[in-house]
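Since every read-out is calculated from the coordinates, none of them should be taken as a lab result. Here the structure is a predicted model, which means the values were calculated and not measured. Cβ placement follows ideal geometry from the backbone for every residue including glycine, while neighbour counts extend to all protein chains displayed.
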């Protein structure tokens with residue numbers, strides 16, 4: 001009887017201890033995700049509840065120590081940092097207080113540090129995010145000068161196309177019915193597009209995101225400027241709550257959003273003049289506010305018109321290889337398209353939420369068709385509207401629609417070419433032209 005009583009007391013004590021520990025350690029670290037990128041590493045702690053935490057840094061050697069209150073770690077830390085150059089090791093240590101968890105990151109160097117919690121959103125619960133940021137960003141040193149092409153002893157620069165693969169890292173984007181992540185589809189199409197562009201003489205592609213990591217929208221546009229991009233293309237896959245919608249769309253910046261961003265730049269023109277293209281120095285230095293406003297507004301309007309012109313080329317090519325959800329370019333307020341100095345479009349390659357399109361978007365063959373269509377849009381757009389000083393500006397033709405009162409001699413003088421060159425380019429036997437006729441005008445040497 002005494003033995004049975006002792007056994008009962010022992011079991012009760014064990015249960016009580018376990019219960020008290022679970023109450024004490026009310027939060028769980030269920031996952032730790034490490035996302036390296038060229039300029040920073042993001043570490044995301046997935047937790048069962050809102051984290052209570054403190055952190056501090058140590059030197060000699062460099063370490064970051066995070067103390068989670070009332071928590072228990074459920075993650076194997078052994079191999080978390082194997083693919084990251086900034087974190088040498090992640091390990092646990094004796095917690096600061098009873099019932100807590102101490103995580104120690106052994107670091108390769110000293111980094112700028114950002115630590116912040118995130119509330120549950122979508123598929124994710126409570127999180128704690130740690131960003132280790134290089135004190136000297138490597139992106140500027142990685143930006144290679146734009147190569148020049150020599151033609152008739154005159155240097156002709158490449159046209160630069162910045163390609164943004166949407167989402168990345170801890171941001172998967174939309175997720176298809178079969179579990180396809182948008183971030184994977186967009187990166188695959190972006191790489192295929194970049195390869196096609198780089199194979200064309202006179203064009204150069206710059207991938208803004210080259211791997212599975214996250215970049216905020218401001219960083220994307222800053223990188224595009226560092227690359228001196230003539231065009232920015234952001235690749236995405238659409239989604240909806242219903243599986244029925246399908247088809248591609250091409251989006252440009254909404255004029256209201258563009259005007260809002262423009263007002264911010266003008267208000268701070270001393271600092272932001274480099275964002276306004278060739279007139280930037282004049283905009284910065286002039287004391288005439290009206291002149292600054294006029295020059296900047298002209299640049300903005302040119303950028304928006306160019307964005308829409310390329311978007312029309314993109315729709316024209318995409319509809320040959322896939323169904324279009326929107327038959328014309330559509331204006332939307334999008335952060336990645338806010339630049340006033342770089343023509344920018346966002347291409348939704350299809351609805352990943354539609355089972356059939358999810359299969360297509362996972363198909364290498366379909367991805368290649370989409371990439372080829374976008375490449376042809378890039379080529380055709382720059383043949384029509386090449387930037388000055390580029391190889392494309394010295395080849396091909398401009399298009400001109402004949403208006404009342406115009407003649408071949410008048411057009412030849414305007415475009416600095418001969419009447420014979422215009423007749424040859426258009427297979428004309430006479431010098432007669434009609435109103436509304438579209439002529440190909442050779443590029444002037």
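Normalised by the number of residues in the stretch 326-445, the average gap of Cα pairs under 8 Å and 6 or more apart makes the relative contact order 20 percent.
Ranked by the mean number of other Cβ atoms within 10 Å of their residues, highest first, the peptides 31-37, 210-216 come out as 31-37, 210-216. Scoring 46-53, 202-209 by mean Cβ neighbours within 10 Å over their residues and listing the highest first yields 202-209, 46-53.
Peptide packing for 327-334, 234-241 was compared via the average number of neighbouring C-beta atoms within 10 Å per residue; ordered from the highest value, the list is 234-241, 327-334.
Ordered by the count of other Cβ atoms within 10 Å of each Cβ, fewest first, 106, 357 give 106, 357. Apply the a/c threshold of 1.5 to the C-alpha gyration tensor of the stretch 396-442 and tell me whether it is rounded, prolate or oblate. Taking the square roots of the gyration eigenvalues as a ≥ b ≥ c, the stretch 396-442 is rounded.
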